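First up is the structure itself, then whatever we jot down about it.
The numbers here are math on the coordinates, done by the rules we state, and not lab data. This structure is a prediction, so every number in the text was calculated from the model and none was measured. Virtual Cβ from ideal backbone geometry, glycine too; neighbours counted across all protein chains shown.
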Amino acid sequence: MHDIRNRRKGVIEDNMKKIVFPVIAILLSGCATWTFEPQRTARFVDEENNFITVDYGMDEKAHETVFTTDRGVRLPFKSKLKVRVELPDGTRFVAYQNMAVQGNLYVTKDEEWKYFESGMGCAVAKLRDDEDGYYLVYRGTMCANLHNPFAEKRPTIRPGASTPKGFGRPSSGPRSVEQKND
């Protein structure tokens with residue numbers, strides 16, 4: 001009788017370990033994305049009308065990485081900038097800024113995800129299962145800057161003529177040239 005109870009108890013404990021611990025790990029790993037306080041948010045859209053949301057923020061402590069040039073020169077890089085990316089399928093990750101030759105590159109701590117933006121475009125890439133390079137998951141163009149406290153401080157553009165007063169004619173169209181005869 002005790003053997004059956006002990007076996008049942010062992011099976012229940014094993015099942016609890018298989019269920020409870022992964023759930024706790026998922027919740028704790030997701031805390032980084034839940035506690036993120038964005039300073040600015042942008043939305044990007046791709047050709048199939050799929051949207052991603054990117055929140056930009058800063059970490060309290062600088063994240064350190066090493067950038068290696070194509071000639072093997074290693075350059076240390078520190079940055080407090082980070083992004084939280086939410087993909088169309090609901091996948092979310094937090095990535096930290098790394099040095100890039102062009103544009104802004106953000107990489108997760110485990111280097112599974114990369115987020116890159118240059119100009120008005122962005123790209124998201126995921127590490128291949130064989131860990132031999134990345135494949136493109138998303139590519140889009142900025143369609144909205146949702147919250148930017150810095151933009152609120154900018155002066156508004158005044159309606160009116162394109163040429164300010166005192167700088168010639170109020171129109172920017174063609175002008176006639178008058179010649180004087182001496």
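Within region 36-153, the proportion of Cα pairs with more than 23 Å between them is 31 percent.
Separation of the alpha carbons by more than 20 angstrom is noted, of Lys80/Lys114; Lys61/Lys82; Lys78/Lys126, for Lys78/Lys126.
The label-point distance for Asp132 and Phe67, in a model that sets each label 7 Å from Cα toward Cβ, rounds to 2.9 nm.
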